[in-house]
1. Would you list, by chain and number, the lysines whose Cα falls below 25 Å from the Cα of Lys279, excluding same-chain residues fewer than 8 positions away?
2. Show me the helices of the chain, taken as full DSSP H stretches, that run 24 Å or more along their long axis by Cα and average 0.0 or above in Kyte-Doolittle hydropathy.
3. What residue among Thr191, Thr137, Thr145 shows peak mean-square fluctuation when the chain is described by a Gaussian network model with Cα springs under 10 Å?
4. Expressed as a whole percent, how much of the Cα-Cα distance distribution for segment 71-182 exceeds 17 Å?
5. Using only helices, what value at 222 nm comes out for the chain when you add -39,500 (n - 2.57) per DSSP H run of length 4 or more and divide by the total residues, to the nearest 500 deg cm²/dmol?
6. Please go through the residue pairs Lys79/Lys139; Lys139/Lys240; Lys50/Lys79; Lys240/Lys278 and name each one whose alpha carbons sit more than 31 Å apart in this structure.
7. In the chain, what percentage of the DSSP-assigned beta bridges are antiparallel, given to the nearest 5?
8. With a sphere of radius 9 Å drawn around the Cβ of Gly208, what net charge do the other residues whose Cβ falls strictly inside it have (Lys, Arg +1; Asp, Glu -1)?
Amino acid sequence: MTTEASLEISRRLFLTAGGTAAAACFVPSRLVAKTDGLVGSAFKEAATAKVTIQNLRRNISVLLGAGGNIAVLTGPDGKLLVDAEIVTARPNVSKALASINADPIKQLINTHWHFDHTGGNEWVHQAGASILAHENTRKRLSEATRVEGNWQYTFPVAPAGAIPSTIFKNEYSLHANNTTLMLQHYLPAHTDSDISVHFVEADILHTGDTFWNRDYPFIDYSTGGSINGHIRAAEANIAKVTDKTIVIPGHGAVGGKADLILFRQVLVEIRDKVAALKKQGKPLPEVIAAKPGARYDAEWGNLFQNPSDFIALVYQGV
Ligand SMILES: [Zn+2]
């Protein structure tokens, strides 16, 4: 084992231990017993992470915190949110929403089923919102769901109030606050429940976790994701936008078409390098040691996926 690998394991053990102990203070009890590792750390981090508001265009802004980015559409119909963050982010998300205006939340759209995008479903529903999502989001939230990879976590059945009441399969459109929203399901990419949300008049696209801006993505093979599906969705996103489109990623800063192109390029480059090494018969530890993403690791390996974990996810799918 190299020194670097030892350090990395120590760091992760530390995060795991710290996450479990501290998360117990504010994670609902049904989650505590299973809280560990990366997911437990995320619960902990979200409880204190700052949530900042960035105004985008027209009546649309974005909340940037520890979990998935939340788009907020305001107007006479009340607030419409795209995604609901990690459950422990509730106090800071509530504060940020209240600082925009006092209007109630009337509608929530989930970009996919993951806990860092649907964790707030129950309280947002209790606050008066109905929930809309892809049919597979409802399916995953309605049953206990195990996620392997570096999550290694079993999510319990979501509470009744957290389950989307309206679902669709391929496309869905709605009007709220003088805005047209076009929702479209991706072919399996990050999960099998991913959708995009396009605010048509403002030309703002929320991609959910099919796009991470300068961060290696998690790939959820347990619920239908794959590296090749992720690349296919990256290409679909590039085809959807123009140079004027504002793009809200699932994670990372708000970007545009050039960022989508870079994201696809990084995924393809690393996928191809890992595939070539795997084809030569190299086991995963050797492929990780070869650092196929060396050009990007310092910038892209800091959020949910460190470089080793990301390479393991790519290796699994080539
Ligand atoms: Zn996700």
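The values are calculated or read from the model by the stated rules, or taken from the named source; none is laboratory data. Small disclaimer: the values here were computed from a predicted structure and weren't measured. Please note: Cβ atoms are built from the backbone with ideal geometry, for glycine as well, and neighbour counts cover all protein chains shown. Only protein heavy atoms, including side chains, enter the accessible area calculation; ligands, DNA and RNA are left aside. Shrake-Rupley method; radii C 1.70, N 1.55, O 1.52, S 1.80 Å.
1. Reachable lysines: Lys291.
2. Numbers: long enough: 3-23 (29 Å, 0.34); 257-279 (33 Å, 0.28).
Helices meeting the span and hydropathy rule in the chain are 3-23, 257-279.
3. Thr145
4. Values: 3294 of 6216 pairs.
Looking at segment 71-182, the distances longer than 17 Å represent 53 percent of pairs.
5. Numbers: 12 runs with 122 residues, N = 318.
That comes out to -11500 deg cm²/dmol.
6. On the way: Lys79/Lys139 26 Å; Lys139/Lys240 27 Å; Lys50/Lys79 21 Å; Lys240/Lys278 33 Å.
Check vs 31 Å cut-off fails for Lys240/Lys278.
7. Numbers: 30 of 44 bridges.
DSSP beta bridges in the chain are roughly 70 percent antiparallel.
8. On the way: positive: none; negative: Asp83, Asp194, Asp209.
Within the 9 Å Cβ shell, the charges total -3.
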